[in-house]
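Student: Pasting a structure here, questions to come.
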Amino acid sequence: MKRKSKSQKVYDYIESRIISGEIEPGERLPSEAELGRMLNVSRVSVRAGIEKLAAIGLVRKKKGGGTYVRQPESENYLSVFTPTLLHNTDYLELMEIRRALDSLGVQLCAENVSESGVRKLRKILDRMEHAKDEDEFFELDKRFHLLISKYSENRFLYNIHLIIWDVLQKRLRDKYDTVTGKDRVDEHHQILEAITHKDADLARVYTVRHLEKIIDTFKCEYNEAYQKALAEEKAKNDT
């Protein structure tokens, strides 16, 4: 098992106490020196762990005034706490969640989207076809699926999708790039055509099919890489 870094030890310690309620929103964290003594790590490691927590919005630092647990507002409560709960989620787990939630989102979108909303989705697809690089494609793909979720008219579902894409972008982007690209644009067109015709059932079928293809491709790629690594290790041991 891979040994946990000292900064990750700090991260996990603070995170677990925030989630359990031992340290409440608005409360100040112990000082860097105190945390260092408690966890037997250097202040550098403490600072690095806190920076990770600040990066996902779980804590905030005040100039000359210490570090505090963020006080979430009602509409962004999930966006503050859920990313840290998902920080160890792997790509397949995330895509399985997407398969379930995107299916619901696109069904509701087909029932509720306006003509203006359809036009916005179509403009995004037009840009996806001419995306210059992987970064631009990712942003357009993200915008397309988040708009579908937004047009579902279910704010809770939309907030969850924001979190999923945030985790995907910040932690699993390399996996995304291996299995998603311009060859998937046609699948997006199928989804949009079903939405345009208010066919919720067909939109759901196309969405599930789209995500299952990505999941199957990743499993194939992962399995090939895994088998190659095993073969290389065996050859190394045989020499």
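Student: Would you mind finding the one in E134, E139 that is farther than 16 Å from R204 by Cβ, modelled with pLDDT under 95, charged (D, E, K, R) and in contact with an Asp or Glu (Cβ under 7 Å, 6 or more places away or on another chain)?
Tutor: Values: E139 fails: in contact with an Asp or Glu (Cβ under 7 Å, 6 or more places away or on another chain).
From the options E134, E139, the qualifying one is E134.
Student: Pairs needed: first member in region 126-141, touching a residue at least 24 places away in the same chain (Cβ under 8 Å); second member anywhere, assigned to a loop (DSSP other than H, G, I, E, B); C-beta distance under 6 Å; at least 6 residues apart or different chains.
Tutor: Pairs that qualify, where the first residue is touching a residue at least 24 places away in the same chain (Cβ under 8 Å) and the partner is assigned to a loop (DSSP other than H, G, I, E, B), are F137/A131.
Student: Hey, another quick one. Out of everything in region 204-239 that is among the hydrophobic types (A, V, I, L, M, F, W, C) and closer than 24 Å to H188 by Cβ, what residue ends up being modelled with the lowest pLDDT? Break it down into steps so the answer makes sense when it comes.
Tutor: At the first step, the residues of region 204-239 found to be among the hydrophobic types (A, V, I, L, M, F, W, C) are 205, 208, 211, 214-215, 218, 220, 225, 229-231, 235.
Keeping just the survivors that are closer than 24 Å to H188 by Cβ gives 205, 208, 211, 214-215, 218, 220.
On the way: V205: 96, V208: 95, L211: 93, I214: 89, I215: 89, F218: 84, C220: 81.
Here the answer is C220.
Student: Give, as residue ranges, the helices (runs of 4 or more DSSP H) completely inside region 1-97 that count at least 1 residues that are exposed (fewer than 15 other Cβ atoms within 10 Å of the Cβ), modelled with pLDDT under 90 and of a type outside the set (S, T, N, Q). Let's see the steps before the verdict.
Tutor: Numbers: elements: 6-20, 32-39, 43-55, 77-85.
Ranges flagged: 6-20, 43-55, 77-85.
Student: Sticking with this one: With the requirement that a residue be touching a Ser or Thr at 6+ places or on another chain (Cβ under 9 Å) and modelled with pLDDT of 85 or more, what does region 146-161 give you? Break it down into steps so the answer makes sense when it comes.
Tutor: As a first pass, look at region 146-161 and keep what is touching a Ser or Thr at 6+ places or on another chain (Cβ under 9 Å): 148, 151, 157-161.
Answer for region 146-161, where residues must be touching a Ser or Thr at 6+ places or on another chain (Cβ under 9 Å) and modelled with pLDDT of 85 or more: I148, Y151, L157, Y158, I160, H161.
Student: Residues that are in contact with a Phe, Trp or Tyr (Cβ under 7 Å, 6 or more places away or on another chain), in the same structural domain as V106 (by TED's automatic domain parsing), of a type in the set (V, I, T) and at pLDDT below 80: does region 179-193 have at least one?
Tutor: yes
Student: Give all pairs with beta carbons closer than 9 Å in which a residue from region 25-40 that is on the phi > 0 side of the Ramachandran plot meets a residue that is assigned to a strand (DSSP E or B); count only pairs at least 6 apart in sequence or on separate chains.
Tutor: Correct list of pairs: G26/Y68; G26/V69.
Student: Starting from region 145-174, take each residue that is free of Cβ contacts under 8 Å to residues at least 40 places away in the same chain and farther than 13 Å from L108 by Cα and list its partners that are of a type outside the set (V, I, T) and surrounded by fewer than 20 Cβ atoms within 10 Å (Cβ to Cβ), counting only C-beta distances under 6 angstrom and pairs at least six apart or across chains.
Tutor: Pairs found: W165/K142.
Student: A follow-up question, please. Taking region 140-172 only, how many residues are out of contact with any Lys or Arg (no Cβ under 8 Å at 6 or more places or on another chain) and either among the β-branched types (V, I, T) or more than 17 Å from I215 (Cβ to Cβ) (or both)?
Tutor: Counting residues in region 140-172 that are out of contact with any Lys or Arg (no Cβ under 8 Å at 6 or more places or on another chain) and either among the β-branched types (V, I, T) or more than 17 Å from I215 (Cβ to Cβ) (or both) gives 23.
The values are calculated or read from the model by the stated rules, or taken from the named source; none is laboratory data. Just so it is clear, the model here is predicted, and its values are computed rather than measured. Heads up, the Cβs are rebuilt from the backbone with ideal geometry, glycines too, and the neighbour counts pull from every protein chain shown.
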